[in-house]
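Visitor: Dropping the structure in here first, questions after.
The values are calculated or read from the model by the stated rules, or taken from the named source; none is laboratory data. From a predicted model like this one, the values you see are computed outputs, not experimental measurements. Reconstructed Cβ throughout: ideal geometry from the backbone, glycine too, with neighbour counts over all protein chains shown. What goes into the accessible areas is simple: the full protein's heavy atoms, side chains included, and nothing from ligands, DNA or RNA. Shrake-Rupley method; radii C 1.70, N 1.55, O 1.52, S 1.80 Å.
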Amino acid sequence: MANVPVAALPSNGKTIPLVGFGTAEYPFNSTDSVKESTFYAIELGYRHFDTAAIYQCEQPLGEAIPEALRLGLIKSRNELFITSKLWVDNTHGDLVLPALQNTLKNLGLESLDLYLIHYPLSLRRGSSGFPIKKEDIITMDFESVWGAIEECQKLGLTKSVGVSNFSCKKLEELLAIAKIRPAVNQVELNPVWQQKKLRKFCEEKGIHITAYSPLGAKGTLWGSSERDCKCQREVNRSDTYFILIFKAQRTR
């Protein structure tokens, strides 16, 4: 793989690789292959790795890093960009720091490159983190949770902070109280779900959009990639061909 291009995050000027390797699978960590696949991805040239507490695979991802260092595939941890996420059972002001510390312990790292709030909601204290029960969902206290996220950045435990799955409305609520603007909003983005309004809003607010499920989300809990494209049939090209063109045209 050629060197992956990077983009500057408008909020702080730090860079983020534009192509990343996701570690989510469902059922979570069901194949016990994350360490091996991460190591192979590093060999291929990937440098941005995305994980989350709920994926249950932070530890195998972390185990691949020292092995890659030992074999000389990378010269230092700083060559990698590691993203993880705060799950909804810990989106309470006093639980954010311990959750991040546990993530760092799992990964064997001193700091992240990017820490995200996974979803704009909270669960009642003591409830099961997954599967989510409707009766356990409560409104997130953005001020206390984001304040704790900002403190994590100030402590040097993460270089940048951001969110995931936030709508324009939720971002407006967050921006109204934020002292540190979210650097990233990670959302599903593909030809089926193009997120035009959200992309425009984030561009205006200086928030970088990261796409997950860029090839579609068929077979997952969170979406579908069903489509019937006339041009696809006419030129006899694969889904992936058109999706990559879609992504390239929207990459800045």
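Visitor: Tally up the residues in segment 37-58 that are on the phi < 0 side of the Ramachandran plot, touching a residue at least 24 places away in the same chain (Cβ under 8 Å) and either open to solvent by 60 Å² or more (accessible area, probe 1.4 Å) or charged (D, E, K, R) (or both), please.
Guide: 5
Visitor: Considering only residues that are among the polar types (S, T, N, Q) and closer than 27 Å to residue 187 by Cβ, which ones fall in segment 42-94?
Guide: Within segment 42-94, 51, 56, 59, 83, 84, 90, 91 qualify.
Visitor: Continuing with this model, one more query. Please tell me if residue 16 is farther than 19 Å from residue 103 by Cα, part of a strand (DSSP E or B) and touching a His at 6+ places or on another chain (Cβ under 9 Å). Step through it out loud before you land on a result.
Guide: On the way: farther than 19 Å from residue 103 by Cα: yes; part of a strand (DSSP E or B): yes; touching a His at 6+ places or on another chain (Cβ under 9 Å): yes.
Judged against the criteria, residue 16 is a match.
Visitor: To continue, here is another question. If the Cβ limit is 7 Å and pairs must be 6+ apart or interchain, which residue in segment 9-20 that is hydroxyl-bearing (Ser, Thr, Tyr) pairs with which residue that is not in a loop (DSSP other than H, G, I, E, B)?
Guide: Close Cβ pairs satisfying both conditions: 15/6; 15/7; 15/8.
Visitor: Taking the condition of being part of a loop (DSSP other than H, G, I, E, B), under 18 Å from residue 85 (Cα atoms) and at pLDDT below 95, how many residues in segment 24-49 meet it?
Guide: Matching residues across segment 24-49 total 6.
Visitor: So if I check each of 61, 69, which one is crowded, with 16+ Cβ neighbours inside 10 Å, over 18 Å from the mean Cα position of the chain (by Cα) and in a helix (DSSP H, G or I)? Let's see the steps before the verdict.
Guide: On the way: 61 fails: over 18 Å from the mean Cα position of the chain (by Cα).
Testing whether each residue is crowded, with 16+ Cβ neighbours inside 10 Å, over 18 Å from the mean Cα position of the chain (by Cα) and in a helix (DSSP H, G or I) leaves just 69.
Visitor: Are there any pairs with C-beta distances below 7 angstrom linking a residue in segment 155-167 that is in contact (Cβ under 8 Å) with a residue 40 or more places away in the chain to a residue that is of a type in the set (Asp, Glu), with the two at least 6 apart or on different chains, and if so which?
Guide: Pairs found: 159/113; 160/113; 161/150.
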